[in-house]
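The values are calculated or read from the model by the stated rules, or taken from the named source; none is laboratory data. Nothing here was measured: the structure is a model prediction, and the numbers come from that model. Counting neighbours? That spans all protein chains shown, and the Cβs are built from the backbone with ideal geometry, glycine included. All accessible areas refer to the heavy atoms of the entire protein, side chains included, with ligands and DNA or RNA removed. Shrake-Rupley method; radii C 1.70, N 1.55, O 1.52, S 1.80 Å.
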Amino acid sequence: MSTTTLRKGYASSRFGQLHYVECGEGEPVLLLHQTPRSWTEYVDVLPLVGARYRAIAMDTLGYGASAKPEGPHSVERFADGVTDLVDALGLDRFHLVGHHTGGVIAVEVAARLQDRVTSLMLSAAAFVDAEKRNGAGHGRIDHVDPKPDGSHLLELWNRRRSFYRPGEEAALTRYVIDALTVLNRVEEGHESLRRYIMEPRLPHITARTLAVCAPGDHYSLPSLAKFAASLGCETRVLSDGHAAAPEQVAEEFARTVLAWVSHHDGDNSA
């Protein structure tokens with residue numbers, strides 16, 4: 001089997017089954033997507049990272065093909081799902097990458113698991129401080145009310161259209177598909193993020209951390225300086241892209257992951 005073959009699987013958790021897709025062999029690199037997306041946010045990144053490592057992209061609890069438990073979502077419960085997955089897969093140590101909401105979940109996972117997280121890359125992760133929790137930001141961005149004539153499908157498309165450029169319709173289509181699977185709870189990922197108490201969790205992170213962001217992602221760019229100040233971490237601005245950076249600049253995103261991971265892998269090879 002080719003090292004770039006995508007392999008799908010399910011792992012048991014306290015919530016039900018968790019879906020993941022992996023590629024490659026070797027040290028594991030776990031990738032967490034933004035909400036309301038699924039593993040498909042990394043469809044182009046997986047084979048590139050999988051050429052050197054065991055790249056794993058899971059569907060966050062409540063999204064994609066993973067279990068969808070009742071009750072309110074929270075960053076802590078999303079992290080419970082991640083912990084259940086890595087335990088089920090027997091990942092004693094792993095590299096962790098999170099994009100947008102996935103980055104905030106990665107903060108909580110890294111704070112909990114500490115030395116089990118070999119390295120941490122936060123991509124466009126929100127720095128959730130009092131300003132963020134008090135409602136600063138862009139509010140509801142994915143909510144639409146279903147209409148009998150289906151016009152809400154175009155409304156959903158247009159909700160995110162400004163984050164994509166002409167020629168990126170395939171990525172926008174993947175977003176719409178993912179959002180439709182959780183349409184009745186489509187905003188809960190963003191809402192749970194804005195309830196998260198991040199500040200006391202940051203001192204528990206022991207993994208070397210890199211915070212990155214695409215230049216067009218103006219909502220997330222200010223967080224780079226805040227993470228640098230709080231974690232003493234390195235920061236980097238990608239050459240292009242917006243909120244969908246793993247799809248818009250997949251090769252650069254993968255190169256950034258590979259460079260960071262290889263600098264901190266088990267044999268510290270460059």
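Listed by position, the helices (runs of 4 or more DSSP H) contained in region 148-212 that have at least 1 residues being farther than 26 Å from Ala106 by Cα are 151-161, 169-180.
Residues in region 136-149 that are open to solvent by less than 20 Å² (accessible area, probe 1.4 Å) and farther than 20 Å from Gly103 by Cβ: Val144 only. For Asp129, the conditions (1) farther than 26 Å from Leu46 by Cβ; (2) acidic (Asp, Glu); (3) open to solvent by 60 Å² or more (accessible area, probe 1.4 Å) all hold with the exception of (3). Taken over region 191-205, the residue count meeting the criterion of being open to solvent by less than 20 Å² (accessible area, probe 1.4 Å) and within 17 Å of the chain's Cα centre (by Cα) is 4. Is it the case, given these coordinates, that Ser230 is within 18 Å of Leu32 (Cβ to Cβ), part of a helix (DSSP H, G or I), hydroxyl-bearing (Ser, Thr, Tyr) and open to solvent by less than 70 Å² (accessible area, probe 1.4 Å)? Against the criterion (within 18 Å of Leu32 (Cβ to Cβ), part of a helix (DSSP H, G or I), hydroxyl-bearing (Ser, Thr, Tyr) and open to solvent by less than 70 Å² (accessible area, probe 1.4 Å)), Ser230 does not qualify. When Gly9 is tested against (1) modelled with pLDDT of 95 or more; (2) open to solvent by 30 Å² or more (accessible area, probe 1.4 Å), exactly one condition is not met: (2). None of Arg37, Arg14, Arg52 is over 23 Å from Ala125 (Cβ atoms), touching a residue at least 40 places away in the same chain (Cβ under 8 Å), buried (at least 19 other Cβ atoms within 10 Å of the Cβ) and among the charged types (D, E, K, R) except Arg52. Sort through Ala250, Ala228, Ala243, Ala254 and tell me the only one that's of a type in the set (A, V, I, L, M), modelled with pLDDT of 95 or more, under 17 Å from the mean Cα position of the chain (by Cα) and under 22 Å from Lys132 (Cβ atoms). Going through Ala250, Ala228, Ala243, Ala254 in turn, the sole match is Ala243. Note on region 224-237: residues that are touching a Leu at 6+ places or on another chain (Cβ under 8 Å) and under 10 Å from Ala125 (Cα atoms) amount to 1.
Going through Ala126, Ala106, Ala130 one at a time, which residue ends up being over 12 Å from the mean Cα position of the chain (by Cα) and among the small types (Gly, Ala, Ser)? Please lay out each step first, then the result.
Numbers: Ala126 fails: over 12 Å from the mean Cα position of the chain (by Cα); Ala106 fails: over 12 Å from the mean Cα position of the chain (by Cα).
None of the other options fit; the residue is Ala130.
Tallying residues that are under 24 Å from Asp115 (Cβ atoms) and assigned to a helix (DSSP H, G or I) within region 233-270 yields 8. In region 77-91, the count of residues that are over 24 Å from Gly26 (Cβ atoms) and basic (Lys, Arg) is one or more.
Being closer than 21 Å to Asp80 by Cα and either of a type in the set (Ser, Thr, Tyr) or in contact with a His (Cβ under 8 Å, 6 or more places away or on another chain) (or both) is the filter here, so list the residues in region 12-31 that pass it.
Residues of region 12-31 that are closer than 21 Å to Asp80 by Cα, as a first pass: 12-22, 28-31.
Across region 12-31, the qualifying residues are Ser12, Ser13, Tyr20, Pro28, Val29, Leu30, Leu31.
Under the condition of being open to solvent by less than 10 Å² (accessible area, probe 1.4 Å) and out of contact with any Phe, Trp or Tyr (no Cβ under 8 Å at 6 or more places or on another chain), which residue from region 245-255 is nearest to Arg54 (Cα to Cα)? Step by step, filter region 245-255, then rank; the result is Ala254.
Table: residues versus (1) open to solvent by 10 Å² or more (accessible area, probe 1.4 Å); (2) touching a residue at least 24 places away in the same chain (Cβ under 8 Å); (3) among the charged types (D, E, K, R); (4) closer than 18 Å to Arg201 by Cβ.
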residue: Asp87; (1), (2), (3), (4): yes, no, yes, no
residue: His95; (1), (2), (3), (4): no, yes, no, no
residue: Ile105; (1), (2), (3), (4): no, yes, no, yes
residue: Ala110; (1), (2), (3), (4): no, yes, no, yes
residue: Asn134; (1), (2), (3), (4): yes, no, no, no
